[in-house]
Amino acid sequence: MESIYYVMCWQCHRRCVHCYEDRFRPYYGEDLDRVIAESRACFPRVIANLPERMTFLDTADPHPDGTFREKRGRIILAGGEILHKAVREPVLYPALDLIYQRYRDAGGVEIIVQTTGDLVTDRIIAELLERHASKISVSGLDAYHEGFELEETRTALRDKLTRMFEAHGMALDTGAGPLPVEEIEAGPSFSFFGATPGSWIGALWPRGRAHQNELSTADLSENFCNRWSGGLNFLQYRLGGSEVSIDPDGNVYPCCIKTKKAIGSLLDEPLHRILDRLIGNPVYEAVSMGHPERMGIAQGWSVEKFLENSVTTLPSGKSYRNLCIGCDTFHEEVLMRTTGPLVEIGRAG
């Protein structure tokens, strides 16, 4: 598989207005103990059920003989805030060790640690690199993250982190793409990104606090399913372009926004079995092809009916339309009322 987005813990040190997941927030006392205990209990079982090789065939980069190059995939470890002191040592560090050991002699893997950035220290960088992190991706450089409303604050943090990363021999990610497994692995890298009105919170996030705060401007023309980190190509896991999302409890979803119903649990079985079982299922084939509006056709939900149900009412009383809302409604009215196995859900008759 090319990419796995693994949310390891709900704990975060912020409650940002633009976040797509309400469970990303500060936890304290018994609640904090609970979410950390869940993560600690689940991550060894999740990692044990990841693919035996985290590689994929790149159909865009064939050999002269027409066969496809095998390239390293990536596992993105994220939160919440994965570097929070309550998460870092009991969850992240042992997970890094397990992932490295699992793929060291099986084609390798790119391990990305995603963080908002303000908790990064020189010592933490060293500890991540000692545990074979390939890349540190700073995701919080935007005006919507609490504490970074001012441009000068974001610039100062970016400059500070750049100096720290470079002092550890890390290079700014050039976006060159995955390496073939037979090539020498590049050195560690770092990158920066953040939410902007035209991308994350505008076009992509009809979810969580972003939705409740009415920050999303995504309408029916914005098809999150038909793009990277949406459901596009998630069933074609042996080829480039496939990604799934995993929650702290081991539940698997075809997109990072997440469907209302998980497609399986990595606490129970390997990822490839979950995906193989859904190949040919009309609901999940529609998602994988980037056409969520067609997911219910076998159950009598025409495209027109799906679009009619792609509407909800915002807290202000305004109507809001997006394909993710239609997906939610179909799940609530059809899939979540079905007690049979997912392989049978969505099939005609």
**Item:** Solvent-accessible area, 1.4 Å probe, carbon plus sulfur percent, for the chain
**Value:** 50 percent
**Prompt:** Which values, in whole Å and largest first, are the semi-axes of the equivalent ellipsoid of the range 255-320 obtained as the square root of 5 times each eigenvalue of the Cα gyration tensor?
**Reply:** 27, 17, 8
**Asked** Using the heavy atoms of the protein chains alone and a 1.4 angstrom probe, what is the accessible area of the range 235-349 per residue in square angstrom?
**Response** 42 Å²
**Request:** Would you mind estimating how fast the range 135-288 diffuses translationally, via Stokes-Einstein at 20 °C and 1.002 mPa s with the Kirkwood radius over Cα pairs, in µm²/s?
**Result:** 118 µm²/s
**Request:** Please give the length that would be gained between L267 and L150 if that part of the chain were fully extended, namely 0.36 nm times their separation in residues minus their C-alpha to C-alpha distance (nm, one decimal).
**Result:** 37.9 nm
**Message:** Quick check: residue separation of E183 and T313 times 0.36 nm, minus the Cα distance between them. What number comes out in nm?
**Reply:** 41.6 nm
**Request:** Calculate the length of the line joining the C-alpha centroid of the range 109-154 to that of the range 45-82, in whole Å.
**Result:** 23 Å
**Fill in**
Simple SL model, points at 7 angstrom along Cα→Cβ for E304 and A143; separation in nm is 4.4 nm
**Prompt:** Rounded to the nearest 500, what is the chain's calculated 222 nm mean residue ellipticity when only DSSP H runs of at least 4 contribute -39500 (n - 2.57) each, over all residues?
**Reply:** -8000 deg cm²/dmol
**Asked** Can you give the convex hull volume of the alpha carbon atoms of the chain per residue, in Å³?
**Response** 148 Å³
**Asked** In percent, what relative contact order does the range 25-127 have, based on Cα pairs under 8 Å that are 6 or more apart in sequence?
**Response** 31 percent
**Prompt:** Of the lysine pairs in the chain, how many meet both conditions: Cα atoms under 26 Å apart, and a spacing of 8 or more in sequence or different chains?
**Reply:** 11
**Prompt:** Using a simple spin-label model with points 7 Å from Cα along the Cα→Cβ vector, what separation in nm is obtained for L32 and K85?
**Reply:** 0.8 nm
**Item:** Point-charge dipole on Cβ atoms (K/R +1, D/E -1) for the range 219-312, about Cα centre, debye to 20
**Value:** 160 debye
**Prompt:** Considering the chain as a Gaussian network with a 10 Å cut-off on Cα pairs, which listed residue, R207, R40, R227, attains the greatest mean-square fluctuation?
**Reply:** R227
**Request:** Run the numbers on the chain and let me know its relative contact order in percent, using alpha-carbon pairs under 8 Å that are six or more apart.
**Result:** 19 percent
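The values are calculated or read from the model by the stated rules, or taken from the named source; none is laboratory data. Here the structure is a predicted model, which is why all the values come from computation and not from measurement. All Cβ positions, glycine included, derive from the backbone under ideal geometry; neighbour counts span all protein chains shown. Just the protein is used for accessible areas: all its heavy atoms, side chains included, with ligands, DNA and RNA removed. Shrake-Rupley method; radii C 1.70, N 1.55, O 1.52, S 1.80 Å.
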